[in-house]
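Q: Handing you this structure, nothing more for now.
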Ligand SMILES: Nc1ncnc2c1ncn2[C@@H]1O[C@H](COP(=O)(O)OP(=O)(O)OP(=O)(O)O)[C@@H](O)[C@H]1O
Ligand SMILES: [Mg+2]
């Protein structure tokens, strides 16, 4: 789908926020500056607004690797693995062993070797020539037959 304006990313994040819950995992792919953190910011802010909580500044966890958000009964872990060098670094995060009570959203998931079976991949694309942005949503495991195209 086209993400021409910030509002398009907002709409996509809102739709995703409505279907995800505890234990769900979203991988965000795409080059630097394509709009991954922006998507996460809209998603978290939407959930906060829905719960009547003041919106957080959702910053990129590039240097901290992970930030967590407590939105009443919803807990979110937002990862950015860009700075990690190898798989060992990731296994030390224990990101898929920890509690199932979290929604996990991962920027730069390329280094993850054993991908979780149930996940939503969002592939972001930015075309410099036209300045257009696009996203493709693909479900795996329990999301396999989900009609993301009809969003
Ligand atoms: N749909 C959109 N329309 C217009 N601008 C956008 C859109 N999505 C994101 N942007 C803008 O692109 C810039 C970079 O976005 P963002 O930080 O989310 O990228 P990123 O993919 O997380 O980058 P990184 O790989 O460095 O983490 C921001 O200034 C943001 O406002
Ligand atoms: Mg980012």
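Q: For residue 31, put the label point 7 Å out on the Cα→Cβ axis and report which residues of region 78-119 keep their amide N under 20 Å from it.
A: Counting only backbone N, you get 81-83, 107-111.
Q: Rounded to the nearest 0.05, what FRET efficiency do residue 149 and residue 83 give with R0 = 25 Å and r taken as the Cβ-Cβ distance? Could you check?
A: On the way: r = 34 Å, r/R0 = 1.34.
After rounding to 0.05, the efficiency reads 0.15.
Q: Right, next: Rank-order 103-116, 60-73 by packing density, defined as the average count of other C-beta atoms within 10 Å over each peptide's residues, highest first. Could you put the intermediate results ahead of the total?
A: Numbers: 103-116: 18.1, 60-73: 14.2.
Final packing ranking: 103-116, 60-73.
Q: Helix-only mean residue ellipticity at 222 nm, the chain, DSSP H runs n ≥ 4 weighted -39,500 (n - 2.57), per residue, nearest 500. What is it? Provide the component values of the computation, followed by the final result.
A: On the way: 3 runs with 36 residues, N = 151.
When only DSSP H runs of four or more count, the value is -7500 deg cm²/dmol.
Q: With each pseudo-label sitting 7 Å past Cα toward Cβ, what's the residue 126-residue 96 distance in nm, one decimal?
A: About 2.9 nm separates the two model spin labels.
Q: Quick one: divide the alpha-carbon radius of gyration of region 77-151 by 2.2 N^0.38 Å and tell me what you get.
A: Working: Rg = 14.5 Å, N = 75, 2.2 N^0.38 = 11.3 Å.
Normalised Cα radius of gyration, region 77-151: 1.28.
Q: Right, next: Between residue 73 and residue 138, take the C-beta separation as r, use R0 = 35 Å, and let me know the FRET efficiency to the nearest 0.05. Intermediate results must be reported in sequence, preceding the final value.
A: On the way: r = 28 Å, r/R0 = 0.80.
The value I calculate is 0.80.
Q: Report, to two decimal places, the Cα Rg of the chain normalised by 2.2 N^0.38 Å (N = number of residues). Could the numbers behind the result be given before it?
A: Values: Rg = 14.8 Å, N = 151, 2.2 N^0.38 = 14.8 Å.
Against the compact-globule rule of thumb, the ratio is 1.00.
Every number in this text was worked out from the coordinates using simple rules, so none of it is lab data. What you see is a predicted model; the values in this text were computed from it and never measured. FYI the Cβ positions are ideal-geometry reconstructions off the backbone, even for glycines, and counts take in every protein chain you see.
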